[in-house]
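Dropping the structure in here first, questions after.
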Amino acid sequence: MDHFMNPRNVGEIEDADGIGEAGNPHGDHMKIFLKIRDDRVEDAKFKTFGCAAAIASSSMATELIKGKTLKEAWELTNEAVAEALEGLPPGKLECSVLSREAIHSAINEYRKKQGLEALPEQT
């Protein structure tokens, strides 16, 4: 509840190195902005339109990837986000999936800008 009532890292990074978006059929939509230096997530911010679980998941996900390498950020699972939040209400696990997909989208946008191939999406 704390990450919903007091979300961290809300906003945009004007000169973001990678911007990713993800949405789900319930109308939740997340946009994430990454600042990357020396293969690490130096800063991460988000804008999310959605339910409390989507906002909390976005907030926690940005907290969890800051300072991580791109590989570590890519490997963040939705289960790890939910666990860090001490669980999500039944039927709201897809909100943590949304944050993972947005992170993947932002990392792949950054990789494309660097002339690298996009990483394959995990299933």
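Hey, what do the phi angles of the stretch 67-83 turn into as Karplus ³J(HN,Hα) couplings, whole Hz, using 6.51/-1.76/1.60 and θ = phi - 60°, x for Gly and Pro?
x, 7, 5, 4, 5, 5, 5, 4, 7, 4, 9, 5, 5, 5, 5, 4, 5
In degrees from 0 to 90, rounded to the nearest 10, what is the angle of the helix 93-113 Cα long axis to the longest principal axis of the chain?
10 degrees
Which peptide among 110-118, 49-57 comes first, and what is the full order, when sorted by highest mean count of other Cβ atoms within 10 Å?
49-57, 110-118
Provide Rg and Dmax in Å for the stretch 2-113, with only Cα atoms included in the calculation.
12.5, 39
Something else now. Which of D39, D17, D28 moves most in a GNM of the chain, Cα contacts under 10 Å?
D39
Please report the relative contact order for the chain, taking Cα pairs under 8 Å with a sequence separation of at least 6, and give it as a percent rounded to a whole number.
Taking the mean separation of contacting Cα pairs over the length of the chain, I get 29 percent.
Could you give the distance between the Cα centres of the stretch 1-64 and the stretch 94-113, to the whole Å?
For the stretch 1-64 versus the stretch 94-113, the Cα centre distance is 10 Å.
Most mobile of E21, E75, E86 per a Gaussian network model of the chain (Cα springs, under 10 Å)?
With Cα springs under 10 Å in the chain, the top fluctuation among E21, E75, E86 is at E86.
Here's a follow-up. Test of understanding: in a Gaussian network model of the chain with alpha carbons linked when under 10 Å, which of K35, K92, K71 would top the mean-square fluctuation ranking?
Residue with maximal mean-square fluctuation among K35, K92, K71: K71.
Could I ask something else about it? Using only helices, what value at 222 nm comes out for the chain when you add -39,500 (n - 2.57) per DSSP H run of length 4 or more and divide by the total residues, to the nearest 500 deg cm²/dmol? List each step's numbers first, then the result.
On the way: 5 runs with 51 residues, N = 123.
Calculated mean residue ellipticity at 222 nm is -12500 deg cm²/dmol.
No lab work stands behind these numbers, since they all come straight from the coordinates. Bear in mind that the values here come from a model prediction, so they are computed numbers and not experimental data. Cβ: placed from backbone, ideal geometry, glycine included. Neighbour counts: every protein chain shown.
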